[in-house]
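J.: The structure that follows is given in the form of structure tokens.
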Amino acid sequence: MGRKLDPTNKVKRGPGRKSRKQKGAETELAKFLVDEDTEPKRLSSRARKRAAKRTLPPVQAKDKAEKEPPQKGFTDENSEWLKPVKRKRPADESDGEDDSDSQWEQEEDEEEENTGAGLKTEEADGGKEKDGDDDDGSDDDEEMVDDYGAMDDADGEELLPIERAARKQKKLDAAMEQDSDEDEDEEEEDEEAESGSEHADEEDTVQANIDEMDRFKLPDSEEREKEGVLPLDLQSIHQRIKDNVDVLSNFASKREEGKERTEYLSLLKKDLSMYYSYNTFLIEKLLDIFPVSELIDFLEANEIHRPVTIRTNTLKTRRRDLAQALINRGVNLDPLGKWSKVGLVIFDSSVPIGATPEYLAGQYMLQGASSLLPVMALSPQEGESVLDMSSAPGGKTTYMAQLMRNTGVIVANDASAERLKSVVGNIHRLGVTNTVICNYDGRQFPKVMGGFDRVLLDAPCSGTGVISKDPAVKTSKDETDIQRSAHLQKELILSAIDSLNAESATGGYLVYCTCSIMVEENEWVVDYALKKRNVKLVPTGLDFGKEGFTRFKERRFHPSLRLSRRFYPHSHNMDGFFVAKLKKFSNTVPTTSAGEPAEEENVPAETETPAPSKGSAKNPGSKVKTKKPLKVKADMAKKKVATNGTVAKNLPKKPTDVLKKKGIKDGRKKPKLAKEGTEMAKEVKVEEKKEEGSRFEKKMGKKKRKNLMNKNNRMGKNKFKKFKKMLSKEEVA
Amino acid sequence: MRPLTEDETKTMFEKLSKYIGENIKLLVDRPDGTYCFRLHNDRVYYISEKILKLATNISRDKLVSVGTCFGKFTKTQKFRLHITALDFLAPYAKFKVWVKPGAEQSFVYGNHVLKAGLGRITENTAQYQGVVVYSMADVPLGFGVAAKSTQECRRVDPISIVVFHQADIGEYIRSEDTLT
């Protein structure tokens, strides 16, 4: 039975499936090979073309030169969507494009040499011939593309190259009419209008093209209107942006006569906002911050994601062990950089990096590189009490805890109860035990608790530094959003400073950071804090990053803002970030700036913040001393307010400004000046705050005093006031 | 936030002692300061006295969590340990179970430990004894209750359950909202 099915016989019956297939492939291959073999014999297609071209009258050539460019691209019906990238660009190319062209030429040359046909004479013509090559280059391109398709239909072979080209042209004309109109014509027309009779012969065309490579023409208003109706494709916008930037970066030499810089800029803004889909407001803001070329880098960097980074939890493991464990799981990683001993960069991973057993066991935390920086700047010490004002989702909080080795106290606050859940989860997962998590509005914080050694304020912001994470920022933000968050940040930074204890032996530091790069939300806020409270900027301790601005447009900030640090996605490959470290050097001074005017001018029952009252209670003697020379001035101001209520508010403004500047010059050592300077703003603020402030400040203030200053030499509030009034009476008398 | 009542303390300590036995003493009397248990929102927190004092500044409705959450009292006044207590259970655990790398994931996803996934088990574990579950690399993964004694474990077939799942570190992701 089995013998009948002898496998050996079967095999011999015929070629197996495989062999059949291979045979097919062979024949196919043979076709190609034959083609190649025959090619040199029948005078290469280029040579024939060139020969044909030589016979053509120059007018025709010119025609061709004019018509050809739009048709560059694939020749079959797909051409509408299938476009070779480089071909697409308008004729005035950048240098990079030049290279590619020359490459084409080189290839051709080589081929020609290989064929051995008598084309050497042509080559000798050199520059003249090159323009022909340029055009031919595109033809070659087409032919190469067509090799598989077009060669098959045999009639293609019969035709002369020139005929074929004409045919293709016809076909394309129909298909690409629209495209060519939109894309090329604008640019082309521009150039042609300018260069006039450049196309008289081919040589000139090329010369002109080369010239125009560095000359960028502004489209005039009509064309721009047309764009509104028929939007340009992104490729040509991109090219235009590039050219525009090129012109702007050396304006003197490359500008077009009679065109203003603003014209170029407005076109650039429009193009940028269209190409990267930002709203114009944001582009304008960014243009204020960056020079044009850097802006492009920045925008490009926002299109790609930052690398995933993790931070080792040194409470549970060491970086080396963690790296080994993760490598065993098929994760490809590297240390983050010299500046961090705990960071790791994840290149790729075969497992989800946020769900490995190591992650669940709390050995690491997924955290952006940029959010390590503020904690490093804060550098909390063991045994200190630290406040994290907006802690969610707990990355920075846990990093602080690990730097403090779970000693001392961390108060992790956040305004959103929802987001605090992640803080709770992360803190427990990472085995942090020294935290108190609470859900206050940061602005109320000094009333809850104060006297911290260090405070980290990661202020809520517009998020312009993390556009790669959240592209919605591109279009959703406008002026009011920025102002709103800047206002909130100013309130928060003051309350953060008020929560600090300047007399702490080891601390008294505040780190202010945002993930925004807007000056309004960063330098301006810090500058505001410098004016309002007795704080100074200190070096952040980060050895990289760009210096903060000390001048921005019409604004001038305190020169020490140099010490703050900015981080950008394009230059540091981390999220856009701002870090400033402040040291509070006196608890008392806010009294003069905040407390006094309030008490003297109006009759609020309480000072504005508890911190001042604390200071005053602690050392009334010194406070009175600083106050005395001020008395007269203050009284004058008071009288003004008394006589003409609303007008007076405006009146002291001028001296205020002057004094502010003075204060800056003097390095703000004199609290009196600072006081004068801030008096104005306080007036307004005090009035706002009176309603809500006085209501519950009394309560809070009391509580705070109880908690934080259990010193014996303090003076009761009433007694102190009486004493103060007495003094002021004497003074006036 | 308030100290635990007598009953509550008893319930909780009974539960804890299932896992760490008389090592509870070590939790209460620590050399590095006084630690205590406090009840807040039905949850029991284990805090150092120093932090506790600071936490009293915060009003009850604004306080979310302080120190480490050990577990919560159910409405029927039973005590349920949370996975967050693992950091304190694991070092003092009397009975341990190690699971094989292949079974790690299954356990972390909330399943019981089967005989097939059992790597090691502490000698003379009694049935229904609270155990802490480790990976073979000695990373604590969670805790549960032994379904079989060590002796029985040797004999049973590979698909029978040897440890009932109670809590695992996967809960940090699965139930972050209800964790504390």
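J.: Just one of (1) in contact with a strand residue (DSSP E or B) (Cβ under 9 Å, 6 or more places away or on another chain); (2) surrounded by fewer than 12 Cβ atoms within 10 Å (Cβ to Cβ); (3) at the interface with another protein chain (Cβ under 9 Å from one of its Cβ atoms) trips up B:ASP61, so point out which.
T.: (1)
J.: Let me ask another. Go through the stretch B:140-180 and give me each residue that's among the hydrophobic types (A, V, I, L, M, F, W, C), open to solvent by 30 Å² or more (accessible area, probe 1.4 Å) and within 14 Å of chain A (Cβ to nearest Cβ).
T.: B:ILE173 - this is the single residue of the stretch B:140-180 that is among the hydrophobic types (A, V, I, L, M, F, W, C), open to solvent by 30 Å² or more (accessible area, probe 1.4 Å) and within 14 Å of chain A (Cβ to nearest Cβ).
J.: Right, next: Could you please tell me which pairs satisfy a Cβ distance under 6 Å, a separation of 6+ or placement on different chains, a first residue in the stretch B:59-85 that is within 24 Å of A:GLY394 (Cβ to Cβ), and a second residue that is in a strand (DSSP E or B) and at pLDDT below 90?
T.: Between residues of the stretch B:59-85 that are within 24 Å of A:GLY394 (Cβ to Cβ) and residues that are in a strand (DSSP E or B) and at pLDDT below 90, there is no close pair.
J.: One residue is enough: does the stretch B:149-157 have a residue meeting the conditions closer than 19 Å to A:ALA355 by Cβ and modelled with pLDDT of 90 or more?
T.: No, that holds for no residue.
J.: Mind listing whichever residues of the stretch B:109-120 are away from every other protein chain (no Cβ under 13 Å) and open to solvent by 40 Å² or more (accessible area, probe 1.4 Å)?
T.: If the condition is that a residue be away from every other protein chain (no Cβ under 13 Å) and open to solvent by 40 Å² or more (accessible area, probe 1.4 Å), then B:ASN111, B:HIS112, B:LEU114, B:LYS115, B:ALA116, B:ARG120 are the ones that fit.
J.: Tell me, which residue of the stretch A:501-526 that is over 32 Å from the mean Cα position of the chain (by Cα) and touching a residue at least 24 places away in the same chain (Cβ under 8 Å) is surrounded by the fewest Cβ atoms within 10 Å (Cβ to Cβ)?
T.: A:THR506
J.: Next question, about the same structure. Just checking, does the stretch B:121-132 include any residue being within 9 Å of chain A (Cβ to nearest Cβ) and out of contact with any strand residue (DSSP E or B) (no Cβ under 8 Å at 6 or more places or on another chain)?
T.: No - not one qualifying residue is present in the stretch B:121-132.
J.: Within the stretch B:76-84, is there a residue that is within 13 Å of chain A (Cβ to nearest Cβ), under 20 Å from B:PHE164 (Cβ atoms), under 18 Å from the mean Cα position of the chain (by Cα) and not aliphatic (A, V, I, L, M)?
T.: Yes, the stretch B:76-84 contains a residue that is within 13 Å of chain A (Cβ to nearest Cβ), under 20 Å from B:PHE164 (Cβ atoms), under 18 Å from the mean Cα position of the chain (by Cα) and not aliphatic (A, V, I, L, M).
J.: Go through the stretch B:47-58 and give me each residue that's at the interface with another protein chain (Cβ under 8 Å from one of its Cβ atoms) and not β-branched (Val, Ile, Thr).
T.: B:SER48, B:LYS50, B:LEU54, B:ALA55, B:ASN57
J.: Hey, another quick one. Between A:SER391, A:SER422, which is open to solvent by 10 Å² or more (accessible area, probe 1.4 Å), touching a residue at least 24 places away in the same chain (Cβ under 8 Å) and within 11 Å of chain B (Cβ to nearest Cβ)?
T.: It is A:SER422.
J.: Do we find that A:GLU358 is acidic (Asp, Glu) and either within 20 Å of A:ARG566 (Cβ to Cβ) or within 27 Å of the chain's Cα centre (by Cα) (or both) in this structure? Even if it seems obvious, please write down each step before you answer.
T.: Details: acidic (Asp, Glu): yes; either within 20 Å of A:ARG566 (Cβ to Cβ) or within 27 Å of the chain's Cα centre (by Cα) (or both): no.
No: the conditions fail for A:GLU358.
J.: When you check A:ASP478 against the structure, is it surrounded by fewer than 18 Cβ atoms within 10 Å (Cβ to Cβ), touching a residue at least 12 places away in the same chain (Cβ under 8 Å) and acidic (Asp, Glu), yes or no? Step through it out loud before you land on a result.
T.: Values: surrounded by fewer than 18 Cβ atoms within 10 Å (Cβ to Cβ): yes; touching a residue at least 12 places away in the same chain (Cβ under 8 Å): yes; acidic (Asp, Glu): yes.
Taking the combined requirement at face value, the residue satisfies it.
J.: Could we say that A:GLY408 is open to solvent by 10 Å² or more (accessible area, probe 1.4 Å), over 26 Å from A:MET574 (Cβ atoms) and either touching a helix residue (DSSP H, G or I) at 6+ places or on another chain (Cβ under 6 Å) or within 12 Å of another protein chain (Cβ to nearest Cβ) (or both) here?
T.: Details: open to solvent by 10 Å² or more (accessible area, probe 1.4 Å): no; over 26 Å from A:MET574 (Cβ atoms): yes; either touching a helix residue (DSSP H, G or I) at 6+ places or on another chain (Cβ under 6 Å) or within 12 Å of another protein chain (Cβ to nearest Cβ) (or both): yes.
Considered against the rule, which asks whether it is open to solvent by 10 Å² or more (accessible area, probe 1.4 Å), over 26 Å from A:MET574 (Cβ atoms) and either touching a helix residue (DSSP H, G or I) at 6+ places or on another chain (Cβ under 6 Å) or within 12 Å of another protein chain (Cβ to nearest Cβ) (or both), A:GLY408 comes out as no.
J.: Looking only at the stretch A:346-356, which residues are within 13 Å of chain B (Cβ to nearest Cβ) and either buried (at least 16 other Cβ atoms within 10 Å of the Cβ) or part of a helix (DSSP H, G or I) (or both)? Steps first, please.
T.: Of the residues in the stretch A:346-356, the ones within 13 Å of chain B (Cβ to nearest Cβ) are A:351-356.
Residues satisfying the conditions are A:ILE353, A:THR356.
J.: Right, another one. So which of A:ARG555, A:ARG565 ends up being open to solvent by 30 Å² or more (accessible area, probe 1.4 Å), within 20 Å of A:LYS285 (Cα to Cα) and at pLDDT 90 or above?
T.: Matching residue, one of A:ARG555, A:ARG565: A:ARG565.
J.: If you check A:GLY408 against the conditions, is it at positive phi, more than 32 Å from the chain's Cα centre (by Cα) and not basic (Lys, Arg)?
T.: Yes.
J.: Could you tell me which of the residues A:TYR364, A:TYR359 is surrounded by fewer than 24 Cβ atoms within 10 Å (Cβ to Cβ), among the hydroxyl-bearing types (Ser, Thr, Tyr) and at pLDDT 90 or above?
T.: The conditions single out A:TYR359.
J.: Go through (1) outside any helix (DSSP H, G or I); (2) within 28 Å of A:ILE310 (Cβ to Cβ); (3) touching a strand residue (DSSP E or B) at 6+ places or on another chain (Cβ under 9 Å) for A:GLY507 and report which single condition fails.
T.: (2)
J.: Name the single residue that is nearest to B:TYR109 (Cα to Cα) among those in the stretch B:85-96 being open to solvent by less than 20 Å² (accessible area, probe 1.4 Å) and either more than 11 Å from every other protein chain (Cβ to nearest Cβ) or of a type in the set (S, T, N, Q) (or both).
T.: B:LEU89
J.: What are the pairs with Cβ atoms under 6 angstrom where one residue, in the stretch A:359-381, is away from chain B (no Cβ under 14 Å) and under 18 Å from A:MET404 (Cβ atoms) and the other, located anywhere, is open to solvent by less than 30 Å² (accessible area, probe 1.4 Å) and among the polar types (S, T, N, Q)? Sequence gap at least six, or different chains.
T.: A:LEU372/A:SER340; A:ALA377/A:THR540
J.: Under 7 Å by Cβ, and 6 or more places apart or on different chains, what pairs join a residue from the stretch B:97-108 that is within 11 Å of chain A (Cβ to nearest Cβ) with one that is among the aromatic types (Phe, Trp, Tyr)?
T.: Within 7 Å, the pairs are B:VAL99/B:PHE107.
J.: Between A:LEU430, A:LEU456, which is at pLDDT 90 or above, in contact with a Lys or Arg (Cβ under 8 Å, 6 or more places away or on another chain), surrounded by 24 or more Cβ atoms within 10 Å (Cβ to Cβ) and within 14 Å of chain B (Cβ to nearest Cβ)?
T.: Of A:LEU430, A:LEU456, the one residue that is at pLDDT 90 or above, in contact with a Lys or Arg (Cβ under 8 Å, 6 or more places away or on another chain), surrounded by 24 or more Cβ atoms within 10 Å (Cβ to Cβ) and within 14 Å of chain B (Cβ to nearest Cβ) is A:LEU430.
J.: How many residues are within 17 Å of A:LEU537 (Cα to Cα) and open to solvent by 20 Å² or more (accessible area, probe 1.4 Å) when one looks only at the stretch A:482-500?
T.: Number satisfying all stated conditions: 1.
J.: Within the stretch A:439-449, is even one residue at the interface with chain B (Cβ under 7 Å from one of its Cβ atoms) and part of a helix (DSSP H, G or I)? I'd like the intermediate steps shown before the answer.
T.: Kept after step one, since they are at the interface with chain B (Cβ under 7 Å from one of its Cβ atoms), are these residues of the stretch A:439-449: A:439-440, A:448-449.
Next, only the ones that are part of a helix (DSSP H, G or I) stay: A:448.
Within the stretch A:439-449, one or more residues are at the interface with chain B (Cβ under 7 Å from one of its Cβ atoms) and part of a helix (DSSP H, G or I).
J.: Restricting attention to the stretch B:25-52, which residues are assigned to a helix (DSSP H, G or I), open to solvent by 20 Å² or more (accessible area, probe 1.4 Å) and free of Cβ contacts under 8 Å to residues at least 60 places away in the same chain?
T.: Once the filter is applied, which keeps residues that are assigned to a helix (DSSP H, G or I), open to solvent by 20 Å² or more (accessible area, probe 1.4 Å) and free of Cβ contacts under 8 Å to residues at least 60 places away in the same chain, the stretch B:25-52 yields B:LYS25, B:VAL28, B:GLU49, B:LYS50.
J.: OK, next. Could you identify the single residue in B:GLN129, B:GLN77 that is open to solvent by 30 Å² or more (accessible area, probe 1.4 Å), among the polar types (S, T, N, Q) and touching a Lys or Arg at 6+ places or on another chain (Cβ under 8 Å)?
T.: Just a single option satisfies the conditions, and that option is B:GLN129.
J.: Among the listed residues A:ASN250, A:ASN328, A:ASN332, which satisfies the condition of being farther than 29 Å from A:GLY463 by Cα, within 14 Å of chain B (Cβ to nearest Cβ), of a type in the set (S, T, N, Q) and open to solvent by 30 Å² or more (accessible area, probe 1.4 Å)?
T.: Only one candidate passes the filter, namely A:ASN328.
The values are calculated or read from the model by the stated rules, or taken from the named source; none is laboratory data. All figures in this text were calculated on a predicted structure; none of them were measured in a lab. So basically every Cβ, Gly included, is an ideal-geometry build from the backbone, and we count neighbours across all protein chains shown. Quick note on the areas: whole protein, heavy atoms, side chains included, nothing else; ligands and nucleic acids left out. Shrake-Rupley method; radii C 1.70, N 1.55, O 1.52, S 1.80 Å.
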